[in-house]
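These notes concern the structure reproduced below.
The values are calculated or read from the model by the stated rules, or taken from the named source; none is laboratory data. Predicted model, so just to flag it, every value in this text is computed and none were measured. In this analysis, Cβ positions are derived from the backbone assuming ideal geometry, glycine residues included, and neighbour counts consider all displayed protein chains. Surface accessibility is based on the protein's heavy atoms, side chains included, excluding ligands, DNA and RNA. Shrake-Rupley method; radii C 1.70, N 1.55, O 1.52, S 1.80 Å.
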Amino acid sequence: MNALVALCHFCELHGPRTLFCTEALHPPSPSPSSQTGVPTPGDRDRDCDREGEGLTMRANSSATQRNEMCEGCRSLPVSHPGFVSIDDETGIRFLSHQHPRQSQLFSVVRQACVRSLSCEVCPGREGPIFFGDEQHGFVFSHTFFIKDSLARGFQRWYSIVMVAMDRIYLINSWPFLLRHLKLTIQSLQSTALKVFDGEQGVCPQRAVRMNSVFSPAVFPHQRSGNAARSLTSLTQHPNLWASLHSSFSWLLKACGCRLTEKLLEGAPTEDTLVLIERQTEQEEEMSCWDRADEGSSKPQRHHSENELVPDFLCDDAKLDELPGPKFRSLRHLRQVLGPAEFRQLAWHVLMGNQVIWRGADRGLIQSAFVVLKSLLPVGCVRSVPYSAQYEEAYKCNFLGLSPDVPIPAHVSSSEFSVLVDISTERSCESSAVSDDDVCSHYQFTISSANTQPTDRGPALLNKLEVALSNENLSVDVVSHCLLCLKEEWMNKVKVLFKFSKVDGRGREDTQKVLALLGATGPGEEDNVRLLKFWMTGLSKTYKSHLMTAVRGGERSPSQ
């Protein structure tokens, strides 16, 4: 990760100062110039290393001559070479010293240090905050206090900053950085607290200060004497800087490995946006559980909510790994169930009704869900692959049940659900079932209280059935055809959402828009139901962007 981590301190005499920096140096790429005597990037890096060490030495020595540096402002001695760690896998070197190795980074880190300990502070002066700009970089800062029996208020002010030029990358890493920086800060605070308690037990400073005589002449000498305490003396940690080097180096490496760039051709689809949002929500949820006290009893999360994201993210990989017979594609499912039964089932899926499969073969049911979920956008899918009890429709629209689970009466009589019962032929109960024996070994019974005809629409299903019935089209071609149909109708959903929900147009205007979208005519009722159901699958990113754009347009005329 192209970033830098630094530990900063607010000295009572000299103000904000940088104590310790860790940066990552990527290995140079081989070039023909290395064979012609021209200095290579590696040579320049080594020169920069020496330049950085000289910069630190010059800063320390000149400051000492001017009496502008005390023990509290210094981490490593002037003659200390610093710390270096090398990642064997990538060849990246992690260098740590009091100041960065490059003069350009020196000013950037210096500004981040000053801002983190002066103006850019969260309420309470202790906690995380984000600030920065394109010119000087963006900063994730976490300020904290360290106990000191000789300091004013019995504590000193520190901050750990991470500086990077990539704002999006740094913001996306906020939960990860906050979780691990808190561990480092808590370790420093707990170690310093033990030293503080020991010193207070020997000589309580509060009583000494209350009994001492205050005078303006003596006060500056008292302050200068108490200000020269280093972090090493506050924690009594002999290998403090080596430990911080290890922590900061691991943080830079781990933060760079957890997020990877992915090349997208064109704008990301709604499915991609929804998957990113669900993955982010899952990471935040895991972060909250990690922060919970280990001793407290953790409430169990409902399995249906817990399985939503992993179930959909791993569908393609799970389909080939499922044991026993399974459905391989929509065409295979249509051949097994029959055209009429398949259309009825697909109609319920597209309308947003609850689809229930009940049987003993868990792998077969899960493969059916993997195939059927390809008909819907990712945001419209809420799945419970297999359960020992019935789950309500608001929790899931795909539900797998064991054979002995009863269906509630209000569900059996509802037109917004469909039940697929799977039974095994008696002659095959004891014999092994192969992957190609779904038709001969299982019987499927589809039942629903719906009385509406399913042979008129929606138009998406009509076009899909034409593609499925055409044997000249391969399974891959049908999959791409379905993807194009979904994108076409998802664009119609976006137009309808903007027109009806955001702009708040009336029913007559909405009907005109439906006509322009090609949603009227035969199967109009089914088309409208599909559009309204798919509207619930729009990503939060798209909705937020649309609302922001609309509000900005409303404000612009007044401005």
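Quick notes
- With each label modelled as a point 7 angstrom along the Cα→C-beta vector, the Asp87-His410 pair spans 5.5 nm.
- Low-density loop positions, GluC sites (Glu not before Pro), the stretch 93-175 - DSSP coil, at most 16 other Cβ in 10 Å: Glu126, Glu134
- Diagonalising the gyration tensor over the Cα atoms of the stretch 62-173 and scaling each eigenvalue by 5 before taking the square root yields semi-axes of 24, 22, 15 Å, largest first.
- Cross-link table Lys182/Lys540; Lys373/Lys543; Lys326/Lys501; Lys182/Lys498; Lys147/Lys253, entries beyond 32 Å C-alpha to C-alpha: Lys326/Lys501; Lys182/Lys498
- Length released on extending from Asn2 to Lys512, taking residue separation times 0.36 nm less the Cα-Cα span: 178.4 nm
- Taking only the Cα atoms of the stretch 477-535, the ratio Rg/Rh comes out at 1.01, with Rh defined as the Kirkwood radius.
- Stokes-Einstein D in µm²/s, Kirkwood radius over Cα pairs - the stretch 440-489 at 10 °C with 1.306 mPa s viscosity: 121
- Only protein heavy atoms count here; under a 1.4 Å probe, Tyr542 has an accessible surface of about 40 Å².
- Label-to-label distance, Ser187 versus Glu488, with points set 7 angstrom from Cα along the beta-carbon direction: 5.9 nm.
- One equal scatterer on each Cα of the stretch 102-153, no solvent, Debye formula: the resulting log10 I(q)/I(0) at q = 0.13, 0.19, 0.22 Å⁻¹ is -0.38, -0.70, -0.84.
- Sparsely packed trypsin sites (Lys or Arg not before Pro) within the stretch 340-433, loop by DSSP, other Cβ within 10 Å at most 11: none
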